[in-house]
Amino acid sequence: MKFSKAWLLQHVDIEIATPDLVAGLTMAGLEVDGVEPAAPPFTNVVVGEIVAIEPHPDADQLRVCRVGAGGDAPVQVVCGAPNARLGLKAPFAQIGACLPGELTIKAARLRGVESQGMLCSAAELGLSSDQAGLLELPADLRAGTDLRAALALDDEVIEVDLTPNRGDCLGVRGLAREVAAVMGAPLQDFPVAPVPATIADALPIRLNAAGACPRYAGRIIRAIDPEAKTPVWMLERLRRGGIRGIHPVVDVTNYVMLELGQPMHGFDLGRLHGTGIEVRHARSGETLTLLDGNVLELDAGCLVIADAQRTLALAGIMGGRDSGVDAQTRDVFLESAHFQPLAVAGKARQFGLHTDSSHRFERGVDPELPLRALERATALLLEITGGKPGPALVAEDTGALAAPGVIQLRRKRLAQQLRLDFAPERVKTMLASLGLELVEETPDHWQFRAPSWRFDLGIEADLIEEIARIHGYNNLPSATPVLAPEIGPSRQRDLAGIRAVLVQRGYREVICYSFVPPEIAGLVTGGAPAIPVINPISAAMSVMRPSLWPGLLLALRHNLNRQQERVRLFETGLRFGGGPDGEQRMTLAGLITGNREPEGWANARDQVDFFALKGDVEALLAALGIGARVSGERGTHPALHPGQCLRLRDDGDATLGHLGLLSPVVARALDFDQPVFLFELALDRLPGAATAAFRSLSRFPAVRRDIAIVVPREVTAAAVLGTVKRASGESLTEARIFDVYHGEHIENNKKSIAIGLTFQDSSRTLEDSDVQSAEAAVLEALAAEFGARLRGE
């Protein structure tokens, strides 16, 4: 938002240099993007008055003017502006004046007539792009007055970049309130008196969408002067706020928006039909031609202002062309309403629009402003155009208006967070300067009611942040927070540790968009619906990713197309479940393809396989301290090969993720001609790691026994090892499969698994009977569980 420093300081009783004001705003969280002069440099330009005018003897388009500029006698100036007329006051560049563009004014002869200076347009002074005629100045300015002083052009325009939660600062009055609080300066009173009605004319208002528009104020003003012009002082303030002058009614509503932060709209009353104004949602098939000429096809989600026959405006965004004011307008209806942010948010973007009005309503406008803004606009419009005002009508549903919340602030919590012991009066003064009302005070806490314009204040942390801002972040002490560590199993995932493990194993991290092509999402989910994006950037980014695999697969294809045949990628991020009630879940996913090892004379050219990926995942789980709590079993997934898919589960049989070979169907659709192996883990579902405990190394020798058992082929290694560990007793320290064989001397439907068992006790040397007893228990359990027998029996 751009604003005039001089205008701002009319609301705050303070004298402050611009650098200090900029620093104060930035440190208070209102970042200043830039500062520029209100007008480019020019000199020797004064207020001139045309005291005589006659046609040029040799040019139909030129006139010879006598201009009074405060000197002893008027000077002669040749001028071609169409609005040059007797009595007009306009900028006059005297001989020797320097104008923008390094133009120096000299005496000249134009078609044989001497000219001693130049009457100027706004464009020639760099004040606007309007070159249609002379800049008309107020009639009460004294001829000869320096123009920069007359129009207060030695001002500065400051642009602030406001965060979305600070919609209350999208007006000079809101900014002034913030500056007064931050600088500790008095905020000037700004009373707005009600304008008494002089006629009884009124336009009834019906709220048929009170949830979206809980308050709507309006007023008829008749018999405005269609010849009236917006005064220069108002046009200058609008210009410095980045808005050009259009029409007195439009200029007044824009001025009030810049001043108070309340968007308004003016309708030409003569173009309205029926006897009332209705706020409702659009009906199917309705269209609206906007002020800029665009024709919109409205849907049921659009909030509109309508009369008895048609829609008049897209509520909170832009008015319609067929009901707008123009040079013939004599009667107007002024609108000042409160539209809920959710009713406006996204609608402007849906139609490719972004207006000053939508910018404010999307962020939230004070619901108490509509009537105040209406009275202010009425007073300004009557001052400029004259007219007869009717009564101000307000239609409202107070039940749909959110009541300001009461927030508790604990004294100990404030001191703990900011490391300062504030005096109670200091706390109350700081928050009162922001408009908060003290509701209750006890030795332990305060309770404050948030003002209607601060939608972003809702919890205790918000008040602590406000106190930190007003006190000054630079004035807070530097201190290390004291945190009591919690001892016990941890479910918090260390993303940095996860990244480190995968990078050590040759993976590279990628960051992909959360928006993916719907056809890729469908391949991964087997056609399950994904959450659509309402206003997608492109058709290739039109759904939210239901898995991290679509982005990884697209990244893989990008690399394979550039002759990168060995690829290992991973990503951490959110995935989004399908349907309107979908969930979002923190996820880790990765893929591998190509050679097992980087190319080199000492490395074999073996390709990666299912077990290479499984080993990487097991190494990651072990590093997280949960390897013993996560196991795998055969599973199915629409994106994975049915014969090489592993479902990862915890000890409660909850699914944690999948890993396996990419399905041939998906591989063909993506033009992959080499095997691709993928894994995905739901990080927020992983079990917590056990608390680390010290265990001394045993001083006694270990004993190893190797056994080879024959089991059915469908029995998994994980199941065998699990049974071994449960049956072997406490003396087993390691069980490792070192050979798997099926072939000669083994039945067709069976396989041989060789297992190395290591036994060791921490308090004594194990005897043969101890090891034999444990080995016998293992064999008995394997026989009972899987029908296993020792090989060779």
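Structure summary
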{"item": "Spin-label model distance (nm) - residue 736 vs residue 321, 7 Å beyond Cα toward Cβ", "result": "8.1 nm"}
{"item": "The stretch 217-285, accessible surface, carbon-and-sulfur percent (1.4 angstrom probe)", "result": "48 percent"}
{"item": "Around residue 401: net Lys/Arg minus Asp/Glu count, Cβ-Cβ under 14 Å", "result": "-3"}
{"item": "Charge dipole (debye, nearest 20) of the stretch 148-259; +1 at Cβ of Lys and Arg, -1 at Cβ of Asp and Glu", "result": "380 debye"}
{"item": "Phi to ³J(HN,Hα) by Karplus 6.51 cos²θ - 1.76 cosθ + 1.60 over the stretch 398-414, Hz, x for Gly, Pro", "result": "5, x, 8, 8, 6, 6, x, x, 9, 10, 8, 10, 7, 4, 5, 5, 4"}
{"item": "Point-to-point label distance, residue 528-residue 149, nm (Cα→Cβ direction, 7 Å offset)", "result": "7.7 nm"}
{"item": "Sequence-distant residues sharing a close amide H with residue 53 (under 5 Å, placed H)", "result": "66"}
{"item": "Sequence of 694, 576, 759 when ordered by accessible area, the most exposed leading, probe 1.4 angstrom", "result": "694, 576, 759"}
{"item": "Net lengthening on full extension, residue 31/residue 411 (0.36 nm per residue, minus Cα-Cα)", "result": "133.8 nm"}
{"item": "Residues whose placed amide H lies under 5 Å from that of residue 315, excluding near-sequence neighbours", "result": "303, 304, 305"}
{"item": "Full-extension gain in nm, residue 605 to residue 228, via 0.36 nm per residue minus C-alpha separation", "result": "127.1 nm"}
{"item": "Linear extension gain, residue 190 paired with residue 535, 0.36 nm per residue minus alpha-carbon span", "result": "120.0 nm"}
{"item": "Solvent exposure of the stretch 585-700 as accessible area per residue, Å², 1.4 Å probe", "result": "52 Å²"}
{"item": "Distance from the stretch 185-236 to the stretch 493-521 (C-alpha centre basis), Å", "result": "56 Å"}
{"item": "Subset of 106/229; 725/751; 614/750; 229/347 violating a 27 Å alpha-carbon distance limit", "result": "106/229; 229/347"}
{"item": "Trypsin sites (Lys or Arg not before Pro) restricted to DSSP loop in the stretch 276-354 with at most 14 other C-beta within 10 Å", "result": "283"}
{"item": "Rounded tilt (10° steps) of 18-27 against the dominant C-alpha axis of the chain", "result": "30 degrees"}
{"item": "Carbon/sulfur fraction of accessible area - the stretch 566-644, other protein chains in place, 1.4 Å, %", "result": "51 percent"}
{"item": "In degrees, nearest ten, helix 717-727 long axis to first principal axis of the chain (Cα)", "result": "70 degrees"}
{"item": "Nearest-20 debye value, the stretch 92-145 charge dipole, Cβ charges on Lys, Arg, Asp, Glu", "result": "260 debye"}
{"item": "Positive-end residue, the stretch 315-445 charge dipole about Cα centroid, Cβ charges, pick of 345, 403, 318", "result": "345"}
{"item": "Within the stretch 109-149, trypsin sites (Lys or Arg not before Pro) in DSSP loop having at most 15 other beta-carbon neighbours inside 10 Å", "result": "111, 142"}
{"item": "Amide H contacts of residue 533 (H built 1.01 Å from N, under 5 Å, at least 5 apart or other chain)", "result": "543, 544"}
{"item": "Degrees between helix 768-786 axis and first principal axis of the chain (Cα, 0 to 90, nearest 10)", "result": "70 degrees"}
{"item": "Estimated inter-spin distance, residue 460 and residue 58, nm [label 7 Å along Cα→Cβ]", "result": "8.7 nm"}
{"item": "Accessible area expressed per residue, the stretch 277-434, with surrounding protein chains retained (probe 1.4 Å, Å²)", "result": "44 Å²"}
{"item": "Whole-number percent relative contact order across the chain, with pairs defined as alpha carbons under 8 Å at least 6 apart", "result": "8 percent"}
{"item": "Cα centroid separation - the stretch 14-51 against the stretch 602-668, whole Å", "result": "64 Å"}
{"item": "Highest to lowest packing among 355-361, 66-72, 594-600, scored as the average C-beta count within 10 Å", "result": "355-361, 66-72, 594-600"}
{"item": "Most positive-pole-ward Cα, 415, 513, 382, against dipole of the chain from beta carbon charges", "result": "513"}
{"item": "Calculated from backbone phi, Karplus (6.51, -1.76, 1.60) coupling profile of the stretch 74-86 in Hz, x at Gly/Pro", "result": "x, 10, 8, 9, 8, 9, x, 5, x, 9, 5, 8, 5"}
{"item": "Sites matching trypsin sites (Lys or Arg not before Pro) across the stretch 696-774 that sit in DSSP coil, with at most 13 neighbouring C-beta atoms within 10 Å", "result": "699, 713, 764"}
{"item": "Net charge dipole size for the chain [Lys, Arg +1 and Asp, Glu -1 on Cβ; Debye, nearest 20]", "result": "960 debye"}
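The values are calculated or read from the model by the stated rules, or taken from the named source; none is laboratory data. Note that this is a predicted model, so its numbers are computed, not measured. No Cβ is skipped: glycine too gets one built from the backbone with ideal geometry, and neighbour counts run over all protein chains shown. These area figures cover heavy atoms from the full protein model, side chains too; ligands, DNA and RNA do not enter into them. Shrake-Rupley method; radii C 1.70, N 1.55, O 1.52, S 1.80 Å.
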